[in-house]
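A quick write-up on the structure given underneath.
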Amino acid sequence: MATKVISEIVARLSEHTSRGLAAALSAAISESALPEGTLLPPIRAVAEELGLSPSTVSVAWKLLARAGAIRSDGRRGTVVMARKEPGPRRYRRALERSTAFGLDLSTGVPDPMLLPDLTLALKNLHRAGTPSSYLENPIIPSLVEVLRDDWPYDAEEFVIVDGAMDALDQIASHLLRYGDSVVVENPSFPPLLDLLDALGIQTIGVDVDSEGLVVAQLEEVMSLRPKAVFLQPRAHNPVGISMSKKRARVLAALLRGTGVFVIEDDSAGAIASSSPISLGTWLADQTVHVRSFSKSHGPDLRLAAMSGPQLIMEGLRERRLLGQGWTSRLLQSVLLDLLTREKSRGQIARAREVYSERRAIVTGELARLGCATVGDDGLNLWLPVRDETASLLYLAHRGIVAAAGSPFGTRNGGGAHLRITVGLVVDDFERITSELAHASKIASAVGPR
């Protein structure tokens with residue numbers, strides 16, 4: 001078996017480094033060449049066979065162990081673990097339900113009644129030019145001009161992609177390598193955590209408070225040499241906080257000159273009640289800023305814009321040529337119409353006001369009932385509870401579904417929570433907030449998990 005392990009590694013080894021070795025063994029495991037339970041040879045034996053130092057092999061094994069690909073069983077040696085199921089595991093857990101409910105507050109999606117009317121924008125598509133070549137400009141220049149007018153900093157280059165998760169996937173795949181470590185917020189967005197897991201990226205959770213990422217914690221984990229910091233600058237999902245300008249300035253000062261990339265996901269976009277903000281104001285050469293138009297202008301448009309340094313944006317454009325090439329200019333034309341048409345702009349402004357009003361009513365009622373929450377922006381509310389499972393069961397019995405908080409967590413501690421999409425609470429505020437307040441105080445008979 002030791003000979004087979006070495007031969008499978010050699011067949012996939014393209015770089016004689018710890019990461020190259022980790023990638024080769026990971027590939028052999030992913031391709032089922034080395035099944036679960038396979039016993040790996042001792043580190044010194046692997047080093048000798050491959051002409052590497054024992055320390056190089058040791059580092060590779062540590063990377064794979066942190067990723068859950070292998071496990072040391074002490075005297076029994078190191079064995080291959082079962083392959084992780086691909087796909088959005090945390091996201092599925094957050095939205096898990098077994099039946100239909102009268103009021104679904106688990107999804108994080110916008111109210112369809114508050115999306116702008118697409119009728120006029122679609123009627124104008126007959127005037128959109130159809131490209132005659134695959135090599136034409138992948139982004140409509142006039143759309144870039146409109147984006148710049150409302151962008152939080154003077155960005156070098158823009159790229160239009162197929163939604164925020166497409167942007168994060170493209171960025172992470174382009175800038176990060178297997179085994180890299182990155183800082184993520186605690187709590188964070190489950191699909192992002194699933195994506196980083198799938199890429200073999202290690203996450204370091206840093207708490208957020210009412211102003212954004214906690215500076216002292218970020219400063220402490222910088223010794224772990226993260227390659228990037230992922231953050232949501234406003235209307236944080238699930239907490240609902242927006243980063244203050246003061247906090248952004250301090251974070252930028254801490255990260256300046258470190259070479260650490262700042263990757264910002266402004267998923268709420270135009271429906272956020274706070275002003276656009278970005279560390280790019282101070283760190284334009286290290287920042288990639290993503291703004292989604294799904295929650296503001298329509299999920300099915302599948303559109304997001306991202307900005308960053310010219311070299312990174314050029315690399316992303318080149319990478320996209322291996323796949324979708326560009327995002328439909330027809331959809332870009334629809335977005336441009338919605339961003340410039342006075343009626344559409346008014347509809348977005350109205351939606352922003354309504355979401356803010358709904359959130360204020362719910363949080364105000366919860367406060368009156370003794371339930372303290374943080375954050376005052378966006379579609380979602382982070383509700384502290386005594387027992388997550390008991391709270392979910394109680395709400396389900398009352399015809400309300402919420403999202404479990406545990407899939408959003410990136411570090412231990414912080415207590416149990418539920419994510420509540422308050423943007424979808426349209427009426428019956430007193431009853432709903434009463435149920436939420438009651439659910440937050442319930443504990444199961446066996447105690448919190």
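The values are calculated or read from the model by the stated rules, or taken from the named source; none is laboratory data. On a predicted model such as this, the values are computed, not experimentally measured, just so you know. All Cβ positions, glycine included, derive from the backbone under ideal geometry; neighbour counts span all protein chains shown.
Suppose we keep only residues that are β-branched (Val, Ile, Thr) and modelled with pLDDT of 80 or more within the stretch 81-116. Which one would you say is surrounded by the most Cβ atoms within 10 Å (Cβ to Cβ)?
107
Taking the criterion of being of a type in the set (A, V, I, L, M, F, W, C) and under 22 Å from residue 176 (Cα atoms), would at least one residue in the stretch 37-52 satisfy it?
No; the residues of the stretch 37-52 include none that is of a type in the set (A, V, I, L, M, F, W, C) and under 22 Å from residue 176 (Cα atoms).
Limited to the stretch 117-164, what total is found for residues that are among the hydrophobic types (A, V, I, L, M, F, W, C) and at pLDDT below 95?
The qualifying residues number 9.
Is the stretch 267-287 home to any residue that is touching a His at 6+ places or on another chain (Cβ under 6 Å), of a type in the set (Ser, Thr, Tyr) and under 22 Å from residue 157 (Cβ atoms)?
Yes, the stretch 267-287 contains a residue that is touching a His at 6+ places or on another chain (Cβ under 6 Å), of a type in the set (Ser, Thr, Tyr) and under 22 Å from residue 157 (Cβ atoms).
Assess whether residue 273 counts as being under 17 Å from residue 147 (Cα atoms) and either in contact (Cβ under 8 Å) with a residue 12 or more places away in the chain or out of contact with any strand residue (DSSP E or B) (no Cβ under 9 Å at 6 or more places or on another chain) (or both).
no
Identify the single condition in (1) in contact with a strand residue (DSSP E or B) (Cβ under 9 Å, 6 or more places away or on another chain); (2) more than 23 Å from residue 443 (Cβ to Cβ); (3) not charged (D, E, K, R) that residue 392 does not satisfy, given that it satisfies every other one.
The number of the failed condition is (2).
Quick one: in the stretch 318-335, of everything that is buried (at least 16 other Cβ atoms within 10 Å of the Cβ) and not hydroxyl-bearing (Ser, Thr, Tyr), which residue is nearest to residue 123 (Cα to Cα)?
334
Checking the condition touching a Gly at 6+ places or on another chain (Cβ under 7 Å), charged (D, E, K, R) and in a helix (DSSP H, G or I), which residue from 345, 411, 358 passes?
358
For the stretch 281-292, state whether one or more residues are in contact (Cβ under 8 Å) with a residue 60 or more places away in the chain, surrounded by fewer than 23 Cβ atoms within 10 Å (Cβ to Cβ), in contact with a strand residue (DSSP E or B) (Cβ under 9 Å, 6 or more places away or on another chain) and not small (Gly, Ala, Ser).
Yes, the stretch 281-292 contains a residue that is in contact (Cβ under 8 Å) with a residue 60 or more places away in the chain, surrounded by fewer than 23 Cβ atoms within 10 Å (Cβ to Cβ), in contact with a strand residue (DSSP E or B) (Cβ under 9 Å, 6 or more places away or on another chain) and not small (Gly, Ala, Ser).
Out of the stretch 26-42, which residues are more than 31 Å from the chain's Cα centre (by Cα) and either farther than 14 Å from residue 78 by Cα or surrounded by 18 or more Cβ atoms within 10 Å (Cβ to Cβ) (or both)?
33, 34, 38, 40, 41
Which one of these is under 20 Å from residue 141 (Cα atoms), within 18 Å of the chain's Cα centre (by Cα) and either at pLDDT 90 or above or not assigned by TED's automatic domain parsing to the domain that holds residue 165 (or both): 296, 292?
On inspection, the qualifying residue turns out to be 292.
Are any residues in the stretch 177-231 within 19 Å of residue 23 (Cβ to Cβ) and part of a helix (DSSP H, G or I), and if so, which ones?
195, 196, 197, 198, listed by residue number.
Which of (1) outside the structural domain of residue 237 (by TED's automatic domain parsing); (2) in a helix (DSSP H, G or I) is the odd one out, the single condition residue 335 does not satisfy?
Residue 335 satisfies all of (1) outside the structural domain of residue 237 (by TED's automatic domain parsing); (2) in a helix (DSSP H, G or I) except (1).
Identify, by number, the condition in (1) in contact with a strand residue (DSSP E or B) (Cβ under 6 Å, 6 or more places away or on another chain); (2) more than 20 Å from residue 285 (Cβ to Cβ) that residue 167 doesn't meet.
For residue 167, the failing item is (2).
Would you point out the residue of the stretch 66-80, among those that are assigned to a loop (DSSP other than H, G, I, E, B) and buried (at least 17 other Cβ atoms within 10 Å of the Cβ), that is modelled with the lowest pLDDT?
Residue satisfying both the conditions and the ranking: 67.
Quick one: is residue 252 among the small types (Gly, Ala, Ser), surrounded by 23 or more Cβ atoms within 10 Å (Cβ to Cβ) and closer than 24 Å to residue 313 by Cα?
Taking the combined requirement at face value, the residue does not satisfy it.
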